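The values are calculated or read from the model by the stated rules, or taken from the named source; none is laboratory data. On a predicted model such as this, the values are computed, not experimentally measured, just so you know. Positions of Cβ are backbone-derived with ideal geometry, glycine not excepted, and every protein chain shown enters the neighbour counts. These area figures cover heavy atoms from the full protein model, side chains too; ligands, DNA and RNA do not enter into them. Shrake-Rupley method; radii C 1.70, N 1.55, O 1.52, S 1.80 Å.
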Amino acid sequence: MKNIRSFTALDFETLTAERSSACAIGLVKVIDGYITQKFYSLIKPIQDTRTSDNSTVHGITRDMVANAPTFQQLWPSIQDFIGSDIIVCHNVTFDKSVWDEQIQYYSCQSDLHCYRFFCTYQMTGLSLKDACAKHNIEIGCHHDALDDAVACAKVMLAENGVMQVRTFSGGASAARKLGEAKKYDHATLSPLEDSQIENKETPFFHARTVITGIFSAYPNRNELGKLLQSLGADINTSISRKTNVVVVGNGAGPSKLQKIEELRTGGHEIRIIYEPELISLLS
């Protein structure tokens, strides 16, 4: 089954250690070696008795999924998206167990064996991060369900000798626009006085904050910076021991992610905020 070029890549995130607690799903449709469609949703988890959660891993909090659709409500869309595809996961033991828990709890499907699964972890013997590094694939935000599903799909394609080249649809002009969208105005890098901050109850107040990656809801880096500045953030362009908060989007800089990991390993507290939580905070 290794040499397949059409499939759906799947990734789940769970709110707690229970496999029943799915809180996000990412799906990526691949047809004849090309990524053609993506699907992402938060999920209201099946309730369990765990008091600790995985929010520090993926950035999804209990409040964020309290009003999210259940897997049962998402099932018609998920079923339609996958169709008769082989489902590819990186660590199928985990993702299929989450899948089975949802299917059984909500009685979505009478036959659990009607879907075929394939595991890129078993194929490569590598973690998703290392498998991406092997093929020079940008992993995006690890533990974001959609980013991990995209990475899994690309690993599958790469292992089969198929690689998609990232291009700018508008050529050099589009590349320049993307670069401009990541720049800050000088004023954005100067923190406001406390008297200018109306809401001092967010994680950004008096926090040295770094933004890295691209955000679908906030494509212009400077505009996002100004929003956080208005909440009291001190916007910085590099990560250091003085950094308090890092807002992480798709395609976040590998060097920044490595720096975060090194500082946190060394005991320095840095809060990571992913786009779902960012949207919740700013709304």
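Things to note:
- Qualifying residue in the stretch 28-43 (condition: open to solvent by 60 Å² or more (accessible area, probe 1.4 Å), among the polar types (S, T, N, Q) and either more than 21 Å from ALA151 (Cα to Cα) or modelled with pLDDT of 95 or more (or both)): no
- Residue, least open to solvent (accessible area, probe 1.4 Å), within the stretch 203-224, restricted to residues that are modelled with pLDDT of 90 or more and among the aromatic types (Phe, Trp, Tyr): PHE204
- Selection of the stretch 29-72 for residues being among the aliphatic types (A, V, I, L, M) and assigned to a helix (DSSP H, G or I) yields VAL57, MET64, VAL65.
- Residues that are closer than 30 Å to PRO76 by Cβ, part of a loop (DSSP other than H, G, I, E, B) and either open to solvent by less than 50 Å² (accessible area, probe 1.4 Å) or polar (S, T, N, Q) (or both) within the stretch 109-140 comprise GLN109, SER110, TYR115, GLY140, listed in sequence order.
- Among the residues of this structure, LYS200 does not count as one that is more than 26 Å from ILE139 (Cβ to Cβ), open to solvent by 70 Å² or more (accessible area, probe 1.4 Å) and not in a loop (DSSP other than H, G, I, E, B).
- Tally, over the stretch 218-263, of residues that are under 23 Å from LEU146 (Cα atoms) and of a type in the set (Asp, Glu): 1
- Evaluation of VAL98 against (1) under 26 Å from LYS154 (Cα atoms); (2) open to solvent by 40 Å² or more (accessible area, probe 1.4 Å) (one fails), failing number: (2)
- Selection count where residues are in contact with a Lys or Arg (Cβ under 8 Å, 6 or more places away or on another chain), open to solvent by 20 Å² or more (accessible area, probe 1.4 Å) and part of a helix (DSSP H, G or I), scope the stretch 78-90: 0
- Between ALA151, ALA174, the distinction of being at pLDDT below 80 and either touching a strand residue (DSSP E or B) at 6+ places or on another chain (Cβ under 9 Å) or surrounded by 12 or more Cβ atoms within 10 Å (Cβ to Cβ) (or both) belongs to ALA174 only.
- Criterion violated by TRP75 - all others in (1) free of Cβ contacts under 8 Å to residues at least 60 places away in the same chain; (2) of a type outside the set (S, T, N, Q); (3) not in a helix (DSSP H, G or I) satisfied: (3)
- Residue within the stretch 242-263 that is over 25 Å from HIS58 (Cβ atoms) and touching a residue at least 24 places away in the same chain (Cβ under 8 Å) present: yes
- Number of the exception - THR93 against (1) surrounded by 16 or more Cβ atoms within 10 Å (Cβ to Cβ); (2) in contact with a Cys (Cβ under 8 Å, 6 or more places away or on another chain): (1)
- For the stretch 203-224, a residue qualifies if it is charged (D, E, K, R) and either under 15 Å from GLU275 (Cβ atoms) or assigned to a loop (DSSP other than H, G, I, E, B) (or both), and the qualifying residues are ARG221, GLU223.
- For the stretch 225-264, a residue qualifies if it is open to solvent by less than 10 Å² (accessible area, probe 1.4 Å), part of a strand (DSSP E or B) and either among the basic types (Lys, Arg) or at pLDDT 90 or above (or both), and the qualifying residues are ILE235, VAL245, VAL246, VAL247.
- Residue check for ARG19: in contact with a strand residue (DSSP E or B) (Cβ under 8 Å, 6 or more places away or on another chain), assigned to a loop (DSSP other than H, G, I, E, B) and closer than 30 Å to ALA158 by Cβ: no
- Of all residue pairs spaced 6 or more apart or on separate chains, those with beta-carbon atoms under 7 Å, a first member in the stretch 93-108 that is within 15 Å of GLY26 (Cα to Cα) and assigned to a helix (DSSP H, G or I) and a second member that is open to solvent by less than 30 Å² (accessible area, probe 1.4 Å) and of a type in the set (Ser, Thr, Tyr) are VAL98/THR14.
- Of residues in the stretch 62-72 being free of Cβ contacts under 8 Å to residues at least 60 places away in the same chain and either more than 23 Å from GLU277 (Cα to Cα) or open to solvent by less than 100 Å² (accessible area, probe 1.4 Å) (or both), the one nearest to the chain's Cα centre (by Cα): VAL65
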